Each structure stands twice: as structure tokens, then as C-alpha cells.
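Colleague: Can you keep this structure in mind? I'll have questions shortly.
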Amino acid sequence: LIEAVFCQIEEYEKRYSHQSGFTWSGLINIYQKIAAVLLIPMIGLGILYWINQHNPSVIQYTETIASRGQKSQIVLSDGTKVWLNSDTKIRYPGQFAKNQRDVYLEGEAFFEVAKNEHQPFLVHTFGPDVKVMGTKFNIRAYTDENQVETSLFEGRVDLLIKNIESDQSFDKELKPGQSFIYSGISHQLASVRFPKEEIDGWKKNQLIFKDDTFNKLVKKIERWYNVEVIYDERKFDNRRLTVELYEGERLEKLMDILSLALSVNYQYEKGKIILTPKNLRNS
């Protein structure tokens, strides 16, 4: 735009400099018009810059995804460290607001939050929000599981739970070694066994089952190995498994363990694993 304007100025000077009616006042008027044209976009850019600096709603967010079969680790602008388990997505700003640090999580992540008493750290999930000042904790918030599990390793966290019916909220403080599950169906909060071994395991790329229900076991396998498991839920309701795999253990080894421990037949077909109870194989 600016280059085009100056080309017009040069053309004007050449065209009228040799004419008897040329005056410097006319050229000055042209320059004034040009300055007015250039001033408008400059003012607009200045306004946009001011809005970006003062309006938190236009904060630019970054999204990091750990796909199925993958893990990831990131460090946020305040120094907070985050480990992402498979099939997890986290959204966070390049720079946090002055009064609060907000991130948005879908999946499972372990946080080591940099301490700042004047700038609370909030993890937003589809259920409760988790508010901390500086601590170590794990959140498991897969939407297809319809529950949010929060486990505190060090420090203190508060679960901010909104009552759907009354539109009111209440806080639940966690102490180190405590784990709570919020049900997205009943909207109730319940204390559960602290899953330290499983959390330490996935951070080290070890898959651990600790008295897991068959449904939970299947979810872990699908995310860990990026496969689809097909089975009849009615035939596996009460089956549970406790086992610890070494880092990088192959899928075939896990399926052999399942076959022996749970009396299961398996068949692998193009990214899908079909499971059937052994006693129903020929039925």
C-alpha cells in the first residue's frame, strides 16, 4: 500500500512539474491526503494491540496432544511440568494472566505445579475444576469414562464442584495420599484407593493393572497400544486383573498374559483385537 502511494506521488511530480499551473501548495495538499490515508490503518493497528494487551478473552492458547500409543511432557511458561498419558489433550496460554493460571485438560496428566500463592493454578475438566497453589497431583479425566479421578501426591488441592441442580458449588480439599472420583452420571464424589503404582508406572512408560475391572483394563489397552478391543461386556463383567508390564512390552506379551490369567481367546485383525471367553469358543 505504501509503495503504491509513493509511486503515485512520483508520477504526480513528473506530470505536473513542467506545467505552468504547478504550485507547491498543491503538492502539500496531496501529501496531507496521503498522510490521512496512512493514519487510519495505523490507528486501527494500535487499537487492536491495546485490546490484545488488556482483554484476557483474546489470549492465544497452545494445544498439546499425546495421541493413542504415545506419551508427552511439556513445561509451561511459569515452570510447571506436565506429563501427558496416551490419548490426552491439554490447552494452555503462552503467558498466564496475572491473577490466575488456567489450563484445560481432556485425558490423564500428572502435574508438578510451580508454587505461586498469588497466582492460583486451575485445571479445568468436564467435571470439577482443580485449584492449586503449588503441588504434585494426577488427574484422570477421559470423557468416555464419564468420571474425573484426582490423586494428590504432595501439597494441597481443592476440587471445585458445581451442583447441577442448585447451580451452587462447594470445595473439597484433598490431602497427600488421597484420591477422589467424581461421577459425571450421579454427580457424586467418592474416595477411592490411591493409585500411586499405576501413576508412577505410566510416567515411566510401564503399563500397570491393579485389580482393574475388565472395562477399565480394555480402555487402558486401547489407549496404550492404539488398538480397538471388541468384546461382549456381558461375558466379562466380573473379571479383574493385577499385573505389571516392563517398559515397552509388546502387545502380544500382554495378550498372552490375559489369555492365561482371564481364560480369554484373542484374535488380532488390522488394528482390532477380538476377545471371547475360552469356554464359549466353540459355541
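Colleague: If you take the square roots of the eigenvalues of the alpha-carbon gyration tensor of segment 112-173 and sort them as a ≥ b ≥ c, do you get rounded (a/c under 1.5), prolate (a/b over b/c) or oblate?
Modeller: Oblate, since a/c reaches 1.5 and b/c is not below a/b.
Colleague: In terms of Cα to Cα distance under 23 Å, which lysines are near enough to Lys219, apart from those fewer than 8 places away along the same chain?
Modeller: Correct list for Lys219: Lys71, Lys89, Lys196, Lys203, Lys204, Lys210, Lys235, Lys253, Lys270, Lys272, Lys278.
Colleague: Shifting gears a bit: To one decimal place, what Kirkwood hydrodynamic radius in Å is obtained for segment 179-260 from all pairs of distinct Cα atoms?
Modeller: Roughly 14.1 Å, rounded to one decimal.
Colleague: Right, next: Any chance you could tell me what percent of the C-alpha pair distances in segment 103-215 go past 18 Å?
Modeller: Result: 49 percent of Cα pairs exceed 18 Å.
Colleague: Assuming R0 = 22 Å, what is the FRET efficiency of Lys89 and Asn226, from their Cβ-Cβ distance, to the nearest 0.05?
Modeller: The computed FRET efficiency comes out at 0.90.
Colleague: Quick one: length gained pulling Asn99 to Lys235 fully straight, 0.36 nm per residue minus the C-alpha distance?
Modeller: Roughly 43.8 nm would be gained on extension.
Colleague: What is the distance in Å between the Cα centres of segment 134-204 and segment 230-273?
Modeller: 28 Å
Colleague: Shifting gears a bit: Of Pro195, Ile161, Phe209, which is farthest on the positive side of the dipole of segment 160-283, counting Cα position, with +1 on Lys and Arg Cβ, -1 on Asp and Glu Cβ, and the Cα centre as origin?
Modeller: Result: Phe209.
Colleague: Then there's this: Sort Glu197, Glu249 from largest to smallest accessible area, using a 1.4 Å probe on the heavy atoms of the protein chains.
Modeller: Accessible-area ranking of Glu197, Glu249, largest first: Glu197, Glu249.
Colleague: Phe214 accessible area, nearest 10 Å², 1.4 Å probe?
Modeller: Answer for Phe214: close to 10 Å² accessible.
Colleague: Where nothing but the Cβ of Lys and Arg (+1) and of Asp and Glu (-1) is charged, how large is the charge dipole of segment 155-283 around its Cα centre, in debye to the nearest 20?
Modeller: Taking the Cα centre of segment 155-283 as origin, the dipole is about 280 debye.
Colleague: Another question about this same structure. Taking the Cα centre of segment 175-238 as the origin, how large is its charge dipole in debye, to the nearest 20, when only Lys and Arg (+1) and Asp and Glu (-1) carry charge on their Cβ atoms?
Modeller: In debye, rounded to 20, segment 175-238 gives about 280.
Colleague: Mind ordering 109-115, 264-270, 202-208 by average Cβ neighbours within 10 Å, highest first?
Modeller: The peptides rank, most packed first, as 109-115, 202-208, 264-270.
Colleague: May I pose another question? Tally up the carbon and sulfur contribution to the accessible surface of segment 175-283 as a whole percent, 1.4 Å probe, everything protein left in place.
Modeller: Solvent-exposed carbon and sulfur of segment 175-283 make up 46 percent of the total.
Colleague: Turning to a different aspect of this structure: Run the dipole for segment 87-223 about the Cα centre, Lys and Arg Cβ at +1, Asp and Glu Cβ at -1, nothing else charged, and hand back the magnitude in debye, nearest 20.
Modeller: 360 debye
The values are calculated or read from the model by the stated rules, or taken from the named source; none is laboratory data. Since this is a predicted model, take the numbers as computed values, not measurements. So basically every Cβ, Gly included, is an ideal-geometry build from the backbone, and we count neighbours across all protein chains shown. Surface areas here come from the heavy atoms of the whole protein model, side chains and all, with no ligands, DNA or RNA. Shrake-Rupley method; radii C 1.70, N 1.55, O 1.52, S 1.80 Å.
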